[in-house]
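The values are calculated or read from the model by the stated rules, or taken from the named source; none is laboratory data. None of the values given here were measured: they were computed from a predicted structure. With ideal geometry, Cβ positions are generated from the backbone for all residues, glycine too; neighbour counts draw on all protein chains shown. The accessibility values were calculated without ligands, DNA or RNA, using every heavy atom of the protein model including side chains. Shrake-Rupley method; radii C 1.70, N 1.55, O 1.52, S 1.80 Å.
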Amino acid sequence: MKKILFAASEGNPFIKTGGLADVVGALPKYLDSKKFDVRVILPKYLCIPETDRKKLSKVTEFYADMPRGKEYIGIYKAKEDEITYYFIDNEYYFAGDNPYHEIFEDVNKFAFYSRAVLAALPEMDFCPDIIHCHDWQTALIPVFLKEFYKNNPFYQNMRTIITIHNQKFQGRWRIDDIENCRDLPENCRYKAMEAYHETNFLKAGILYADQVTTVSETYAQEIQFPAGGEGLEGVMRQASDKLSGIVNGIDYQEYNPMTDTKLAVPFGLRNITQKKKNKEALQKELGLRQDHSVMLIGMVSRMTEQKGFDLVNYVMEEMLNTMNIQVAVLGTGENRFEESFRYFASKYPDQISATVGYSEERAHRIYGGVDAFLMPSQFEPCGLSQLISMRYGTVPIVRETGGLKDTVEAYNEIWQTGTGFSFANYDAKEMLMIIRYAYDVFQNHPKEWRAMMKRCMKADHSWQNSAKKYEKMYLKLA
Ligand code: ADP
Ligand code: GLC
């Protein structure tokens with residue numbers, strides 16, 4: 001039995017701001033429990049909802065030597081879907097109403113967290129063969145492990161993997177200002193951890209980890225070149241012999257249109273016509289004109305440049321004025337995008353609904369009720385929303401980048417194949433052209449559209465295949 005510890009800054013259902021939490025909450029369940037004892041460790045944020053906080057029980061507490069002196073570390077535990085979750089407690093670091101704050105606070109917070117995870121292992125009585133780290137917040141675990149624990153027998157055989165969910169976020173700050181890194185050797189702080197005269201957690205993690213993965217094959221290529229490397233393309237190329245891409249899946253238990261209690265009417269492949277009732281209910285819920293002939297397009301997303309909101313803003317009015325289209329948006333993020341959607345919604349109340357906020361319930365009802373899902377990302381390491389959409393018979397319209405390219409097969413009207421519509425360049429007019437094409441198929445070729453919905457629902461984007469690839473990597477490494 002190999003022991004694997006997932007270390008991350010968020011995990012469903014305890015704390016979620018995006019797809020990272022989905023992956024951390026789902027993948028452990030799909031690894032073979034006869035061969036792997038997989039556990040997860042998260043920060044015990046004060047903002048974890050009360051209902052979930054109640055599930056935690058205290059394991060122990062202790063004080064560890066840190067650059068600021070002796071610091072408190074509490075360890076809590078909970079079981080969720082047969083997976084053991086540990087939580088690191090320290091209210092000095094993990095207070096606030098959001099897991100993330102200003103970057104200058106976060107770098108110190110997650111440096112503490114990474115140290116605390118390693119210090120806690122003997123107290124948890126869990127000696128993992130592999131620590132599987134996720135994103136920059138846990139990227140210093142391989143660094144602290146190699147710098148501080150290499151001669152300690154308890155830690156000697158531990159191996160590390162870092163999975164990059166988004167290379168744009170690297171954990172950068174002024175080298176001398178990060179208190180919780182101060183005792184690392186000079187050549188580490190000023191060399192391996194340094195990029196462009198700053199500390200760079202992700203760069204350090206990539207260099208120190210035994211394996212590096214990212215969440216799709218295309219993204220694994222893209223990050224080795226200037227257009228996608230976010231300044232770390234050279235480091236990625238240097239690490240290319242230990243870098244691979246494993247595409248994400250989605251949790252088929254959580255996202256299942258046949259059993260989803262959040263939907264107005266559950267439906268499956270056999271009674272796909274019932275999806276209409278979800279569209280009706282959604283139009284009613286959102287105050288949109290109730291009309292079947294309209295093509296209802298959904299977006300559930302962080303409202304940032306990454307997700308292509310610039311393009312959407314640019315052509316929104318043209319889209320609404322030239323086609324019988326409605327748009328349902330759910331998201332939070334940059335003020336300028338939130339404001340522009342509020343504006344569109346007030347100008348076109350029959351055609352646009354904008355929910356500025358976060359709601360799992362409404363997200364499910366959008367995935368279940370809309371005809372098409374728009375995701376014109378500038379870049380996309382994997383993307384889960386397009387996978388969830390397909391599972392609910394909703395046809396994705398995406399830009400061909402990263403995981404979107406790997407998971408959505410473009411519609412071919414001659415061969416009658418494909419699971420969505422895609423365009424190549426980050427260009428608003430190109431996007432509009434492909435939306436018009438999708439609109440034409442939706443309005444004028446309903447049989448073909450229905451067949452595509454079915455292909456979407458049949459496509460397998462569960463975790464099964466990718467979980468096998470992770471298992472293979474664990475066995476090779478451990
Ligand atoms: P990213 O992690 O880059 O934000 P993904 O497509 O990988 O993008 O995952 C986003 C996840 O977060 C999906 O599960 C999506 O449904 C969910 N999500 C994003 N915004 C919201 C929101 N405002 N309310 C509810 N769920 C949301
Ligand atoms: C990141 C990426 C997204 C990916 C998710 C989970 O948030 O932006 O593309 O699906 O992580 O890996």
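For this structure, a couple of remarks:
- If you wrap the Cα atoms of region 102-192 in a convex hull and average its projected area over all directions, you get 6.1 nm².
- Accessible solvent surface per residue of region 219-264, calculated while the other protein chains remain in place, 1.4 angstrom probe, Å²: 46
- Largest-first ordering by accessible area, 1.4 Å probe, given options Tyr113, Tyr76, Tyr314: Tyr314, Tyr76, Tyr113
- Pairs of C-alpha atoms in the chain farther apart than 40 Å represent 22 percent of all such pairs.
- Surface share of carbon and sulfur [accessible, 1.4 angstrom probe, percent] for the chain: 48
- Percent of Cα pairs exceeding the 31 Å cut-off, where the set is region 272-458: 6
- Helix 19-30 vs. the chain, principal-axis angle (Cα, 0 to 90°, nearest 10): 80
- In nm, spacing of pseudo-spin labels at Glu50 and Asn157 (7 Å Cα→C-beta vector): 4.6
- For region 21-78, the spread of Cα coordinates along the three principal axes comes to 41, 28, 19 Å, biggest extent given first.
- Once the 1.4 Å probe is applied to the protein heavy atoms, region 272-458 comes out at 39 Å² accessible per residue.
- Length gained when the stretch Glu334-Thr273 is fully extended (0.36 nm per residue, less Cα-Cα span): 18.3 nm
- In the context of the full set of protein chains, region 1-101 has a per residue accessible area of 42 Å² (1.4 Å probe).
- Non-local Lys pairs in region 266-400, i.e. 8 or more apart or on different chains, that have alpha carbons under 25 Å apart: 6
- Arg174 accessible area, 1.4 Å probe, all protein chains in place, Å² to nearest 10: 140
- Candidate lysines for bridging to Lys55, where Cα separation is under 26 Å - those fewer than 8 sequence places away on the same chain excluded: Lys3, Lys16, Lys29, Lys34, Lys44, Lys77, Lys79, Lys109, Lys262
- Here the sum of -39500 (n - 2.57) over DSSP H runs of 4 or more residues, divided by the residues of the chain, equals -11000 deg cm²/dmol at 222 nm, to the nearest 500.
- Folded to 0 to 90 degrees: helix 428-444 orientation relative to the chain principal axis, Cα: 50
- Considering only the chain, percent of DSSP beta bridges that pair antiparallel, nearest 5: 30
- Multiplying the residue separation of Gln416 and Asp291 by 0.36 nm and subtracting their alpha-carbon distance yields 42.2 nm.
- Computed on the Cα trace of region 81-120, the radius of gyration divided by the Kirkwood hydrodynamic radius gives Rg/Rh = 1.03.
- Dipole magnitude of region 327-478, debye to nearest 20 (Cβ charges: Lys/Arg +1, Asp/Glu -1, about Cα centre): 420
- Separation in nanometres of the label points that stand 7 Å from Cα toward Cβ, at Tyr426 and Lys262: 2.9
- Folded to 0 to 90 degrees: helix 335-347 orientation relative to the chain principal axis, Cα: 20
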